[in-house]
Structures are given as structure tokens and as C-alpha cells.
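Notes for the one structure printed next.
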Amino acid sequence: MTKSDDRGLDDLDRRLLAMLREDSRQPVTKLAGDLGLSRANVYARLSRLEEDGVIGGYTVRLGDPYDRRLIRAQVMIKAQLKHAKAIEESLAAISELSALHAISGEYDLIAVVEAETVGELNTLIDRIGEIEGIERTTSSILLATKVLR
Amino acid sequence: MSLERIDTGPGFLGVAADAGRARAAPRAHVMLRLARRDMAEAERALADVAGLTALHQISGDYDLVAVVEAAHDEALDALIAEIARLRGVSAALASRLTPSASLSRAASFAT
């Protein structure tokens, strides 16, 4: 048994927090291995720490000024159902794509893409529009993020 | 709360959603068109909405993207209706996120 302090944290919780402070992108598998715990145990600890507000969130620390210069856009995609799988594979192969989410509603997919210049962004959006089975796309440049939590 | 611009890189849906550890929380992506004069007020009201996890200003036909989550589908519907009714919001286009197919290279935890 490890000792808990008044916030209900035991030694393993504190070691877990220390490891996340060092690098919050470590896979749970690695955290579990280093702590000698199961993955399920680490997930349970993370959930509890998040629910108790000990972990308020995970943030990105940008080291390279390059990241701040990237232009990001969201591309809403209307796709033909029969091509859905091929489209997702083609999109996933685009290295400038940073996220892809399936949605239901007027559009079927949202892709988030990053480019260094408006010209490159334009080319990238054209490339997406040319993928077979994509009926139409609507793109918006992400001008600013006001809330992220 | 203040609405300073956050200069982060890859965040899009919100901290937990981008981390890919989405529990079953239903989420929606809602594009909003605002009356220009009510923009600041609408943004503040949105930031106060409890289920909101991300708010981005965008170019194009719509002005903002709000990402919201709720405990279950009915609560999500109510939340979407709530933000669509906010003062200053003139049009809203809501899309539910389907958890089956999500790829996020911005993941904080790549399990």
C-alpha cells in the first residue's frame, strides 16, 4: 500500500503526474510499463485525476516558431457513400492533414489541414477536391482559437 | 473569462477530444454566423456555455466554429439549440461527430 495525502494522491499518482509533466504525449502503454501498472489501471488513474481536477488539461508547448506560422483550415467534405473508405484512406495519406473526423449532417467529413502559405493551402484543398467520390468541399481558414478546453 | 487569442498549434475539437480518449460523450461541430455588432457579446456567451470545448474564429460564410459535448444525445440537442438561440447568432449549421472514424495526429496520448 502506498500512502495517500490529503488530496487522495498516492505515490504512483505523483509519479504519473511527474511523467506527464515531462512529456504528456507518452503513450499509456509506456506510462504503464514504467510504473509497473496495467494500462487499465493507468487509464483509471487518469480519469480520476481529471475528474478530481488534479489534471486540468493537457497542453502543447510550442518550441519551434514554425508551428505558429502554419495556416490551418477546416475542410468540410460531402462524400459519396460508396467511396467512403477509399476517400478516408486517400485523406489519411495526406501528410498536411492534422485531423479527420466523420460527421453526420450536411457534410460527411471534416478534415483539418495545415500549410505554410496560402498558395500551398489552396493546392492542398484542390487536391482534396479532386479525390474520387468527393462531391464538394467547403473550406474555412482557422483565424483564431478563442476557447480550447 | 477573457477571450484572448490562444496561439496553440493543433487543437481543434478540445483537449479531451483531440487526445483521442473520447469516452462515449456525444459531440457536435456547430458553425455559427453572427451579426457583426453582436460578435463580442456572442463570443463571451459561448465561452460561458459549460459543454463547449472549443471555439474558433473562421473565414468564409460562417464566423465561428463551436465544438460542444454533452452526456447524452438529448442533452446535446438541447445544447445545440441553446447556442443557436444566443443573441447575435443569425445562422447555425450543426454536424454530429461520429466517433467511429476519427483520426487526430494532434493526439496527446497515442495509445
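Structural remarks
- A single entry from B:A45, B:A35, B:A24, B:A81 fulfils the requirement of being modelled with pLDDT under 95 and either within 15 Å of the chain's Cα centre (by Cα) or within 12 Å of chain A (Cβ to nearest Cβ) (or both): B:A45.
- Within the stretch A:107-122, being within 15 Å of A:L70 (Cα to Cα) and surrounded by 13 or more Cβ atoms within 10 Å (Cβ to Cβ) holds for A:V112, A:V113, A:E114, A:A115, A:E120, A:L121, A:N122.
- Any hit, the stretch A:107-126, residues being facing another protein chain (nearest Cβ under 7 Å) and of a type outside the set (V, I, T): yes
- A:G53 fulfils the conditions (1) away from chain B (no Cβ under 13 Å); (2) surrounded by fewer than 18 Cβ atoms within 10 Å (Cβ to Cβ); (3) over 24 Å from B:R33 (Cα atoms); (4) at pLDDT 90 or above except for a single criterion, (4).
- Filtered residue count, the stretch A:71-103, keeping only those that are polar (S, T, N, Q), in contact with a Ser or Thr (Cβ under 9 Å, 6 or more places away or on another chain) and modelled with pLDDT under 90: 1
- Residues in the stretch A:90-106 that are of a type in the set (S, T, Y) and either at the interface with chain B (Cβ under 7 Å from one of its Cβ atoms) or loosely packed, with under 15 Cβ neighbours inside 10 Å (or both): A:S95, A:S98, A:S104.
- Test: residue in the stretch A:103-120 that is out of contact with any strand residue (DSSP E or B) (no Cβ under 9 Å at 6 or more places or on another chain), free of Cβ contacts under 8 Å to residues at least 60 places away in the same chain and outside any loop (DSSP other than H, G, I, E, B): yes
The values are calculated or read from the model by the stated rules, or taken from the named source; none is laboratory data. Quantities reported herein were computed from a predicted structural model and do not represent experimental measurements. Please note: Cβ atoms are built from the backbone with ideal geometry, for glycine as well, and neighbour counts cover all protein chains shown.
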